[in-house]
1. Applying the Karplus parametrisation 6.51 cos²θ - 1.76 cosθ + 1.60 with θ = phi - 60° to the phi angles of region 261-268, what ³J(HN,Hα) value in whole Hz is obtained for each residue in order, glycine and proline being reported as x?
2. Under 10 Å, Cα contacts only: if you run a Gaussian network model on the chain, which one of Q96, Q216, Q196 comes out with the highest mean-square fluctuation?
3. When ligands, DNA and RNA are left out and all protein chains stay put, how many square angstrom of accessible area per residue does the chain have with a 1.4 Å probe?
4. Rounded, prolate or oblate: which fits the chain, taking a ≥ b ≥ c as square roots of the Cα gyration tensor eigenvalues, rounded meaning a/c under 1.5, else prolate when a/b beats b/c?
5. In a Gaussian network model over the chain where Cα atoms closer than 10 Å are linked, find which of D95, D150, D250 has the largest mean-square fluctuation.
6. Give me, ordered by chain and number, the residues 5 or more places off K28 or on other chains with an amide H under 5 Å from its own placed amide H.
7. Tell me, what ³J(HN,Hα) does each residue in region 221-232 have, in order and in whole Hz, if you take phi through Karplus 6.51 cos²θ - 1.76 cosθ + 1.60 with θ = phi - 60° and put x for Gly and Pro?
8. What are the residues whose amide H is under 5 Å from the amide H of I228, where those residues sit 5 or more places off or on another chain and H is modelled from the backbone?
Amino acid sequence: MAEGERQAPPDSSEDAPAATQNFIIPKKEIHTVPDMGKWKRSQAYADYIGFILTLNEGVKGKKLTLEYKVSEAIEKLVALLNTLDRWIDETPPVDQPSRFGNKAYRTWYARLDQEAENLVAAVVPTHLAAAVPEVAVYLKESVGNSTRIDYGTGHEAAFAAFLCCLCKIGVLRVDDQIAIVFKVFNRYLEVMRKLQKTYRMEPAGSQGVWGLDDFQFLPFIWGSSQLIDHPYLEPRHFVDEKAVNENHKDYMFLECILFITEMKTGPFAEHSNQLWNISAVPTWSKVNQGLIRMYKAECLEKFPVIQHFKFGSLLPIQPVSLC
């Protein structure tokens, strides 16, 4: 656990709001840099970071290929992601002069925009149907921006928020934790990679080689937790092509490294300088702690990322309650 944080586990059904709760359509609340203080003090921030850290603890030392419980809700979420994947196949890129940002993505996104509530309704039980419009907003926010045809860590955060909301209404339970990361989030990553490759999406607000990765952050956090106390794989090994090829199916972190090396050319130290530096850290535990600090500083505390985050009844902007 990061210093001074209270752990907020995914809520079990007894904590879940009653079907009578007033759900609201999430909206932006962070309009100027000084508004960032509201975000840091908010219930949404406490719940979001608690959710990330709970899952971080849940996958510690575990392989992707481990056997774990897969609930009906998890299966339904995978089916939702499979639908998004199929839509990519049904929406091929169009011929256009510019190499990046294929406009066919807008057609794909328009379909999601129209169908998002139906997709979420298939996951959420009927007695919680009132939550669907609120939760569906986070799904729509999680796949990139259709105007700029870009994708980044803010979109990734929206997907984590989507999963967090499903925990808060009791659709996902405490014993779904491993499957949330290994089955649902991992499938989400596959679909996002396919989107990025198919439509040549731009990295949103990329910091170039000084960012951790052009598109993702969370799989590096959870992936480094998976590798804590590994009998032989050390951080220095993730820049070794042989080690990555032999172990990427077991570890999310190495899967991310494989994707980067497929997409980028040239020496790893040049195209992914931050990751190269991390490979010098002695233990995975230290890598994990450092990445959590970096995620807060570079993503959650950056106005260009958080200005797009939306707040509703499940992830409220109101200050955290201390009771």
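1. 5, 6, 8, 10, 10, x, x, 4
2. For the chain, modelled as a Gaussian network with Cα springs under 10 Å, the answer is Q96.
3. Numbers: 14440 Å² over 323 residues.
Per-residue accessible area for the chain comes out at 45 Å².
4. Working: a/c = 1.41, a/b = 1.17, b/c = 1.21.
Cα axes put the chain in the rounded bin.
5. Sorting by GNM fluctuation, first place goes to D95.
6. F311
7. Once θ is set to phi - 60°, the couplings for region 221-232 become 5, 5, x, 6, 5, 4, 8, 4, 6, 5, x, 9 Hz.
8. G61
The values are calculated or read from the model by the stated rules, or taken from the named source; none is laboratory data. Because the structure is a prediction, the values reported are computed rather than measured. Positions of Cβ are generated from backbone atoms using ideal geometry, with glycine treated the same way; all protein chains shown enter the neighbour counts. These accessible areas exclude ligands, DNA and RNA; they are computed on the full protein's heavy atoms, side chains included. Shrake-Rupley method; radii C 1.70, N 1.55, O 1.52, S 1.80 Å.
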